[in-house]
Amino acid sequence: MPQRRRNLRSISTPIILGAVSVPLSIALLVGWAIVLADNVAESDDATVDVWLLVVGSVSFVVVVTILLLMSYYLAREILEVRRQDTFIDSVTHELKSPLASLKLCLETMARPDLPEDKRAGLHNMMLGDVERLTAFIDDVLQSTRLASGGSVGINLSDVKIRDLAERISESSARRHQRSLGLVRIAIDAEMEVVTDEAALEIVLKNLVDNALKYSPPDAPVDIVARRDERGRAIVEVRDRGMGIERRHLKRVFNRFFRVQKPEVRQRRGTGLGLFVVSALVRNMGGRVEAESEGEGKGTTMRITLPANDEVSALAEEAAQ
Ligand SMILES: Nc1ncnc2c1ncn2[C@@H]1O[C@H](COP(=O)(O)OP(=O)(O)OP(=O)(O)O)[C@@H](O)[C@H]1O
Ligand SMILES: [Mg+2]
């Protein structure tokens, strides 16, 4: 892909420059130190030479450190630009495809001879497109707010986690045109978590959406929840899909990050979902982690939320 090749070229130039300049500086330092050490041995006034040796060595170490730091920050910036390029590509795609579908539906509906049942079908399709566009714009706005450190209000209530999981599994299965039984739930009907229900719903929706999106159409997904020995709630979404390489397990939570492989690129996405998930979970006092045995071996996303009494104590403290 030309864009990708251009990006790789823009990264490789500063890396090559850094890789050449650092060993050159080190070779220069060593050569210069040897020459100076020889002079010190032969010279009458050794003090001046010793000082020269010390000052020169320190300056060289500083220069090499600066070069290393510069290469690191440069490569980091270029990677960020690359991620934003991917994001813009995805956004364009995300906006274009429902708009094209809406246009087509409207044109078809304008036909006077269109049977009533077809009209109703098109109407539903348009509603689905509008829902997708709204959800997408909400995601972008929310992630921008979270990335700029904006606070998200916490609204605590007792959440029956199984009811929430059932609601999400139904809507996600429908959205991904999968059979309803494909998302299996193993959660005690009485399990309640004191947390922000709206935030937890966004978190679980994103995790279940990913689990379905990055799995074959007939692969089941499990949502399980339990309490650990310290009373914390552990909720896991497990799939049997394409899995995540070990080196990407932490990066998937970065904004705009998408694994760069064809199977991922074929599926629609902007790399915002897990960034929103991790920011919201942190805001709820919990943490999220990804686990996978590797490519093709499925993924488990695990969120850990604080114990109920811990949340209530924190809320009381905040209210005082
Ligand atoms: N369950 C999963 N199995 C395999 N890969 C996953 C899974 N969940 C996330 N990923 C990888 O992590 C990346 C980031 O996920 P994230 O949900 O943030 O973005 P997305 O799904 O690409 O887009 P969207 O913003 O629409 O959610 C994905 O592009 C994919 O490469
Ligand atoms: Mg996603």
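The values are calculated or read from the model by the stated rules, or taken from the named source; none is laboratory data. Everything quoted here is computed from the prediction, not taken from an experiment. No Cβ is skipped: glycine too gets one built from the backbone with ideal geometry, and neighbour counts run over all protein chains shown. The area values use the complete protein model at the heavy-atom level, side chains included, leaving out ligands, DNA and RNA. Shrake-Rupley method; radii C 1.70, N 1.55, O 1.52, S 1.80 Å.
Run through region 169-234 and list the trypsin sites (Lys or Arg not before Pro) located in a DSSP loop whose Cβ has at most 13 other Cβ atoms within 10 Å. Write out the running numbers ahead of the final one.
Details: sites: 174, 175, 178, 184, 205, 213, 226, 227, 230, 232; in loops: 178, 230, 232.
Answer by residue number: 230.
Given that compact globular proteins tend to follow 2.2 N^0.38 Å, what is the ratio of the alpha-carbon Rg of region 163-245 to that value? List each step's numbers first, then the result.
On the way: Rg = 12.8 Å, N = 83, 2.2 N^0.38 = 11.8 Å.
After normalising by residue count via 2.2 N^0.38 Å, the value is 1.09.
Peptides 298-309, 16-27 ranked from most to least packed by the mean count of surrounding Cβ atoms within 10 Å: 298-309, 16-27. For region 289-305, putting each phi into the Karplus relation 6.51 cos²θ - 1.76 cosθ + 1.60 with θ = phi - 60° gives couplings of 9, 10, 9, 7, 6, x, 4, x, 10, x, 9, 10, 9, 10, 10, 10, 10 Hz, in residue order, rounded to whole numbers and with x for Gly and Pro.
Given that compact globular proteins tend to follow 2.2 N^0.38 Å, what is the ratio of the alpha-carbon Rg of region 113-210 to that value?
Working: Rg = 17.0 Å, N = 98, 2.2 N^0.38 = 12.6 Å.
Against the empirical 2.2 N^0.38 Å value, I get 1.36 for region 113-210.
Residues whose amide H comes within less than 5 Å of that of residue 159, counting only those at least five positions distant or on another chain, are 193, 194, 195 (H built at 1.01 Å from N in the peptide plane). Rolling a 1.4 angstrom probe over the chain with all protein chains present gives an accessible area of which 59% lies on carbon and sulfur atoms.
Give me the net charge for the shell around residue 277: Cβ to Cβ below 12 angstrom, other residues only, Lys and Arg +1, Asp and Glu -1.
On the way: positive: 205, 255, 282, 287, 302; negative: 139, 201, 209, 289.
Result for the local shell: +1.
Dipole of region 95-147 computed with +1 at Lys/Arg Cβ and -1 at Asp/Glu Cβ about the Cα centre; of 142, 110, 126, farthest Cα towards the positive end is 142. Dipole check for the chain: with +1 at the C-beta of Lys and Arg, -1 at the C-beta of Asp and Glu, and the Cα centre as origin, the magnitude is about 1480 Debye. For the pair residue 93 and residue 282, label points projected 7 Å from Cα toward Cβ lie 2.7 nm apart. If you wrap the chain in the convex hull of its Cα atoms and look at it from every side, the mean projected area works out to 26.0 nm².
Database remark: amide H of residue 185 closer than 5 angstrom to the amide H of 223 (H placed geometrically; neighbours at sequence offset of 5 or more, or on other chains; Pro and chain starts carry no H).
Could you state the accessible area per residue of region 274-320 in Å², with a 1.4 Å probe and every protein chain left in place? Walk me through the numbers on the way to the answer.
Working: 2430 Å² over 47 residues.
Accessible area per residue, region 274-320: 52 Å².
Here the spin labels are modelled as points 7 Å beyond Cα on the Cα-Cβ line, and at residue 137 and residue 68 they lie 4.9 nm apart.
If packing is taken as the average count of other Cβ atoms within 10 Å, what order do 101-112, 191-202, 271-282 fall into, highest mean first?
On the way: 101-112: 12.0, 191-202: 19.3, 271-282: 21.7.
Sorting 101-112, 191-202, 271-282 by mean packing, highest first, produces 271-282, 191-202, 101-112.
Can you grab the distance from the C-alpha centre of region 219-238 to the C-alpha centre of region 86-153, Å, no decimals? If you average the Cα positions of each part, the centres end up 32 Å apart. I want the local charge near residue 191. Using Cβ-Cβ distances under 11 Å, sum +1 for each Lys or Arg and -1 for each Asp or Glu among the other residues. Charge balance in the 11 Å sphere: -1. Compared with the direct C-alpha span, the chain from residue 30 to residue 254 gains 76.5 nm at full extension, assuming 0.36 nm per residue. Measuring between alpha carbons in the structure, the pairs from 118/213; 160/205; 250/297; 118/205; 160/250 lying more than 19 angstrom apart are 118/213; 118/205; 160/250. Note on residue 117/residue 189: beta-carbon distance plugged into 1/(1 + (r/R0)^6) with R0 of 25 Å gives a FRET efficiency of 0.05.
Between residue 103 and residue 312, the distance separating the two model label sites (each 7 Å from Cα on the Cα→Cβ line) works out to 5.7 nm.
Per residue, how big is the convex hull around the C-alpha atoms of region 95-147? Give it to me in cubic angstrom, could you? Present the calculation step by step, with values, prior to reporting the outcome.
Values: hull volume 2.8 nm³, N = 53.
It is 52 Å³ per residue.
At an R0 of 25 angstrom, the distance between the Cβ atoms of residue 16 and residue 289 translates into a FRET efficiency of 0.10. Within the same chain, aspartates and glutamates fewer than 8 places from residue 96 are excluded, and of the rest, those with a Cα less than 17 Å from its Cα are 85, 107, 129, 131, 138, 139.
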